[in-house]
């Protein structure tokens, strides 16, 4: 937090107040109700007018976003093997019908990698979450989304650690005929933990993970495909989408690099 600023903290739980950052003004209440009240107060103060800053702010955001994308383009368009997970995200974003897609992600690297770059364009089309759920949580979210919106493409984006937690539940998608598209980043490691687990990795291979998860999906009666060539990312996504349209859950297993770069933009 910037120094010397007045902090106003709105939260539902009083235990959150001053836990990490001391606030000068505290508001206890439901976020929706608090925001509605705030909007009414601001509307009264502005007396029906605007500050006239929207165009300038939008232009500044567009400028910063353009530079940021330029800085990340080498990773987003990386042609090397193993595949860069950012290339998968970029190709996925530009292949699916975004307004008619519901996207969710998993914890660890998948969350940190997809959050900055996925650009939803319709309300409730992105189920993002923080650090309060277990690995593998996104699989259930995607299945629930598909049951709620069977007309939409529902995608979960996860890693090899997450599928180690809840991968057997992919059988649920097959048994209940819930045709989701599951995009798995398999780098045979919990790469995000490598820097903080050097001793246990060296001694006990604690961050090493392995498996042929596309074959697992096939064993459940789903569509499974392992992709190792970056040129096959888009064709594989299209094949996976076609399978979901025909009523079959699809798991695309991308063999990826141990990518640890994270955007802090």
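The values are calculated or read from the model by the stated rules, or taken from the named source; none is laboratory data. Small disclaimer: the values here were computed from a predicted structure and weren't measured. Neighbour counts are summed over all protein chains in view; Cβ atoms, including those assigned to glycine, are modelled from backbone coordinates with ideal geometry.
Is it the case, given these coordinates, that residue 95 is within 11 Å of the chain's Cα centre (by Cα) and in contact (Cβ under 8 Å) with a residue 40 or more places away in the chain? Here the answer is no, as residue 95 does not meet what is asked. In segment 186-210, of all residues being within 17 Å of residue 253 (Cβ to Cβ) and out of contact with any strand residue (DSSP E or B) (no Cβ under 7 Å at 6 or more places or on another chain), the one that is modelled with the lowest pLDDT corresponds to 191.
Considering every residue within segment 97-105, establish whether at least one is in a loop (DSSP other than H, G, I, E, B) and either exposed (fewer than 14 other Cβ atoms within 10 Å of the Cβ) or touching a helix residue (DSSP H, G or I) at 6+ places or on another chain (Cβ under 7 Å) (or both). Yes: one or more hits.
So is residue 204 more than 20 Å from residue 77 (Cα to Cα) and surrounded by 13 or more Cβ atoms within 10 Å (Cβ to Cβ) or not? No.
Residues in segment 208-265 that are without any contact (Cβ under 8 Å) to a residue 24 or more places away in the chain and within 21 Å of the chain's Cα centre (by Cα): 236, 264. Provide a single number: the residues in segment 112-164 that are touching a strand residue (DSSP E or B) at 6+ places or on another chain (Cβ under 6 Å), surrounded by fewer than 22 Cβ atoms within 10 Å (Cβ to Cβ) and in a helix (DSSP H, G or I). Adding up the residues that qualify gives 1.
The set of residues in segment 51-96 being over 30 Å from residue 150 (Cα atoms), assigned by TED's automatic domain parsing to the domain that holds residue 138 and not in a helix (DSSP H, G or I) consists of 77, 78, 79, 80, 81, 82, 83, 84.
Per the listing 214, 236, the residue uniquely closer than 23 Å to residue 75 by Cβ, part of a helix (DSSP H, G or I) and at pLDDT 95 or above is 236.
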